[in-house]
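S.K.: Here it is, the structure, as structure tokens.
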Amino acid sequence: HCTERTFVAIKPDGVHRALIGRTIARLEDKGYSLVALKLLKPSRTLAESHYESLRSKPFFDNLVSFITSGPVCAMVWEGKDVVAQVRKLIGNTDPLSSAPGTIRGDFGIDIGRNIIHGSDNISNAEREIQLWFHSEELVEWNPNLHEWIYE
Ligand code: PCG
């Protein structure tokens, strides 16, 4: 029943600030399950494709330079309504609107150093998962806890 998937990336600022463990813990704590995980320094081509819808924005070049500057922890997470729920756990892009209790609300100040990315809708999630991962890297498994997380 719960095969919706989303793409999540801890950006170089989150990796350098040693927030990988705490971010993953929040998604695990909520009840979502990890399907794929890797640490990589994304190429410019990958970063530009990932952010292709922002190509005309004034901050595009900065965004691509930043995301390619250091390690990114790329992940796929699975579960009921995971795309929308992960966006809620991450918090608003605008730092003044990201509520305490969210990842950005608790750990970030600047819009250009916002720690983490999560796909904004299901079709982008599918696109981003394909872009960042080979299908063999996605692991099918049945978490035992599901019986206690889902009705
Ligand atoms: P993300 O990865 O969720 O999606 C697009 C990213 O663009 C966003 O997080 C921000 O990091 C970045 N972004 C959006 N608006 C701005 C902006 O006004 N300035 C800068 N520097 N970055 C932005």
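The values are calculated or read from the model by the stated rules, or taken from the named source; none is laboratory data. No experiment lies behind these values; they were computed from the predicted model shown. Don't worry about glycine lacking a Cβ; one is built from the backbone with ideal geometry, like all the others, and counts go over all protein chains shown. Ligands, DNA and RNA are excluded from the accessible area calculation, which covers all protein heavy atoms including side chains. Shrake-Rupley method; radii C 1.70, N 1.55, O 1.52, S 1.80 Å.
S.K.: Cα centroids of the stretch 32-74 and the stretch 104-118: how far apart, whole angstrom?
M.R.: 14 Å
S.K.: Near LYS38, which lysines are there with a Cα under 28 Å away, not counting those fewer than 8 places off in the same chain?
M.R.: LYS11, LYS30, LYS80, LYS88
S.K.: Return the carbon/sulfur percentage of the accessible area of the stretch 1-120, one whole number, probe 1.4 Å, all protein chains in place.
M.R.: Whole-percent figure for carbon plus sulfur exposure: 52.
S.K.: About the Cα centre of the stretch 1-72, how large is the charge dipole given +1 on each Lys and Arg Cβ and -1 on each Asp and Glu Cβ? Please answer in debye to the nearest 20.
M.R.: 120 debye
S.K.: Return one whole number: the accessible area per residue of the chain in Å², for a 1.4 Å probe.
M.R.: For the chain, the per-residue accessible area is 57 Å².
S.K.: Further, regarding this structure: For Cα pairs less than 8 Å apart in space and 6+ apart in sequence, what is the mean separation divided by the residue count of the stretch 15-151, i.e. the relative contact order in percent?
M.R.: Normalised by residue count, the contact order of the stretch 15-151 is 25 percent.
S.K.: If each residue of separation counts as 0.36 nm, what is the full-extension length gain between ASN62 and GLU151 once their alpha-carbon separation is subtracted? List each step's numbers first, then the result.
M.R.: Working: separation 89, 0.36 × 89 = 32.04 nm, distance 4.47 nm.
Once the chain is fully extended between ASN62 and GLU151, it gains 27.6 nm.
S.K.: Further, regarding this structure: Just to be sure I understand: of the beta bridges DSSP finds with both ends in the chain, what percent are antiparallel, rounded to 5?
M.R.: Close to 95 percent.
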